[in-house]
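Input: a single structure, listed below in structure tokens.
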Amino acid sequence: MEIDEALESIVNASAETPELLLRSWLDKLYFETPRQGLSSSHLKALINFICESDLLSISTKFYIVENCLIPNDYVNFEVIEEVVRHLGTANALSAYRLQVPSNLQVALCKWLVHIFFLVLPTNKSLPYDSVWIHLWQYNFLQKWLTYIVVWSTKSVRDVRPWKIGLLERIACKSAYTDSQACATLILKRYASLLGPSKSIPSVISRINCNARRLRTLQELKLDSMFVAKLRKVLTNNLNFTDEMINELMSSHLNQLNFQSQPHVISRYNSRVPKGKVSILQMRSLDQLAWNWNILVASKDVEQITNNYISWFSLFQLAKNDPVWKILEDWMLIQLRKCFKNHTRDFRVVKKIVRLCQIHPVFTDKIFDEFLTYDYLRGDPILFLYIYRNLTPLLVPNPSYFKDLHKDVLQLLTLCHLDKGTKIDKNTTPQICNSLLLSVLNWFEEDIQELIPLGLEFLHDFRILLTANLNYTIENRSITAALILTLKILPNSKNKEDFHLKKIVFPFNLMNKLITYDDPLLLDACCEYLVIVKEFLTNKEGSNKYVQGQNLHIMDLTNYLWRNKILGSKKFLDVPNEFVKSVLDNLFLPNVKDRTKFPFSITGVPALSFVFGAKLSELENDHSNIHYSGLVNEEGFKKFTREIGNTTVQWIPDIQNADDLKIAVLKYISNGGPFQHIPLFLFTFLKSLSHYIND
């Protein structure tokens, strides 16, 4: 039996219907609705049945309201009318009407609050704000209908003097449970639409609501179990996504907090020309698509930013549309408030970021005003959040970025000099990192007019970041930014010396990076030395950049493989006498050749752990035996003696320690975060060059 048949059978049941048969239909309803949900017509029929039929117990009716009234799409207003028809009590004009138990009415109003963001507005809904106010006078319905009244109040036309008077009169009656808070919340909604006015604030002042009660009412907590069921059903509908549901729900919940509502924007007229459709009437992406050519965008910032569908109307606007200026003013005002009042309203900031994504010109405006040291020092967390999210949106304009280059260097200089506690030491790499990603985009897109400026950024950031680098584990954010500076190189291999000065990493700084204990940074150094070779092709051997490159290649190959560090006068510009004296003072009781063991891929700080980890992975592919000794000839011979008397196979074709190192290098070269280290060795060592194509 399908859900349609079960529901039709339930609503057509009578006193003659066998109880077991009715129970089987209800079981089908209980099982299917959390999976499929109900259409508006089904919801209307079921609500009518539970309100007017006496076949079901009150507990069963409660269960249906709380667990089965799950919409599977937007809700037609006829469903709301069906609920309203059964609210309230009998009076002189309707003495013989069937009265629904008050607790069931409350349950239905609570349900309405949970699904109200799905209700489709129609012409019928316009006069209903008055109906809601009249029903709001019932004490037992007041809490939940307060939210409905707030959400149903859309414009200045919905605010009437008689409503304000009624709210004040009810709020002053002591017989009501929480009428003061409920009335105040509605009046605040009215005030947010009217803008500056003395009449409503004076009424609110006379009511004198308890602030804690009002805050509790504003902080509406929806039933998480019902919302989870509703979300599961709606996401099965192609009209909905998780993000869209979140936006629709949050836009309604945000309307309950009026502190941050900009009063100035309520002056815009929402009239729609004949033959056009307001974006506010759109409730699905399908509906939006079918009406795209006749849509009229809203000029109300609140309506745009609090409505998921309204965002799409911005893509229709011309570049000179006055709405952009309205939105720009709103964004700048909101950001000034955030910094001035030290309030990190990320809900507002995320909306600003989204507006910049739609209209990137806004980003330049925000950077012009807020990219200063004063704003950074005022709230580093908020500043960096805005900076990180907006930097990728900057329009690639050479003249603008030239000025931005100066501003950023000034900002970073002040960060470097500031010894206060507010600005974190990771601020500098975060600022560099975001701009480096933009530079990477310029190079990948080969934007010729921006390549010289990108190289300027690259050169300055390399110097600045290396100056801040020290050998402590806390500085991984600096190494992450430095890795970017090594990986970012222009696609066009321009060999002019004035470009090479910016492309080639400063010699002394590269020396420092090579000996750092970060394997990812060492991998980036290896990748850089392989790639930058292409920029130096056909250069004379006397060229200073070629000489510097050759020195780095020789030192790094000695450091990672050849173990000939003491065979030359200097290693990374450090005299060999100093290196030898350090090695002589090392305590290595189990090592015969102390001049070689601390080096190679098994001994240098950046790779000793990586080598062991990769060796273990390689062994797992071939055997259950694991090498656990020192990786030198003595350790290898000892290991082979230990496994020589067993029949268990180990890694094949390994005859000595060098074979083992090569096998691990080949394994690392297959992919992963360290693959450029073997690529470097296979490229620049003749003895290993035949492995580059394996």
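None of the figures in this text is laboratory data; all of them are computed from the coordinates on show. Source: prediction; values computed, not measured. For neighbour counting, all protein chains shown are included, and Cβ atoms are generated from backbone atoms with ideal geometry for every residue, glycine included.
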#### Entry: Normalised contact order of segment 515-694, rounded percent, pairs of Cα under 8 Å and 6 or more residues apart
25 percent
### Task
Assuming 1.306 mPa s and 10 °C, estimate D for segment 317-395 with Stokes-Einstein, Rh taken as the Kirkwood radius over Cα pairs, in µm²/s.
125 µm²/s
#### Entry: Amide H contacts under 5 Å for Ser278, placed H, 5+ residues apart
Val296
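Is any helix in the chain, taking whole DSSP H runs, at least 30 angstrom long along its axis by alpha carbon and on average at least 0.0 on the Kyte-Doolittle scale, and which ones? Can you show the working numbers first?
On the way: long enough: none.
The qualifying helices: there are none.
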#### Entry: For segment 399-492, convex hull of alpha carbons as volume per residue, Å³
88 Å³
### Message
Pairs of alpha-carbon atoms within less than 8 angstrom and 6+ residues apart define the contacts here; what relative contact order does the chain have, in percent?
### Response
6 percent
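Go through 430-443, 220-233 and give me the packing order, highest mean Cβ count within 10 Å leading. Don't skip to the answer; put the middle values down first.
Details: 430-443: 20.4, 220-233: 14.4.
So the peptides 430-443, 220-233, ranked by packing, come out 430-443, 220-233.
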### Task
Would you list, by chain and number, the lysines whose Cα falls below 20 Å from the Cα of Lys661, excluding same-chain residues fewer than 8 positions away?
Lys564, Lys592, Lys596, Lys614, Lys637, Lys638, Lys686
#### Entry: Shape parameters for segment 3-225, alpha-carbon atoms, Rg then Dmax in Å
19.2, 64
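Quick one: in segment 515-694, what % of C-alpha pairs are over 31 Å apart? Write down the numbers at each step before the final one.
Working: 3275 of 16110 pairs.
Of all Cα-Cα distances in segment 515-694, 20 percent exceed 31 Å.
Past 25 Å, Cα to Cα, is the threshold; run Lys425/Lys533; Lys406/Lys501; Lys544/Lys570 against it and keep the listed order.
On the way: Lys425/Lys533 34 Å; Lys406/Lys501 19 Å; Lys544/Lys570 18 Å.
In this structure, Lys425/Lys533 exceed 25 Å between Cα atoms.
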### Query
So which aspartates and glutamates can Lys580 reach, going by Cα to Cα under 16 Å and dropping same-chain residues fewer than 8 places off?
Asp555, Asp593
## Note on the structure
On the formula 1/(1 + (r/R0)^6), with r taken between the Cβ atoms of Asp584 and Glu634 and R0 of 22 Å, the FRET efficiency rounded to 0.05 is 0.65
### Task
Tell me which residues come under 5 Å, amide H to amide H, from Val119 once H is placed; ignore anything under 5 positions away on its chain.
Val75
### Task
Provide the packing ranking of 599-607, 408-416, i.e. peptides ordered by the mean count of other C-beta atoms within 10 Å per residue, highest first.
599-607, 408-416
### Message
Given the DSSP H assignment, sum -39500 (n - 2.57) over each helix run of at least 4 residues in the chain and divide by its residue total; what's the result at 222 nm in deg cm²/dmol, nearest 500?
### Response
-18000 deg cm²/dmol
### Message
Could you order the peptides 41-50, 564-573, 366-375 from most to least packed, using the average number of other C-beta atoms within 10 Å per residue?
### Response
41-50, 366-375, 564-573
### Query
For the chain, what value does the Rg/Rh ratio take when both radii are computed over Cα atoms and Rh is the Kirkwood radius, given to two decimals?
1.12
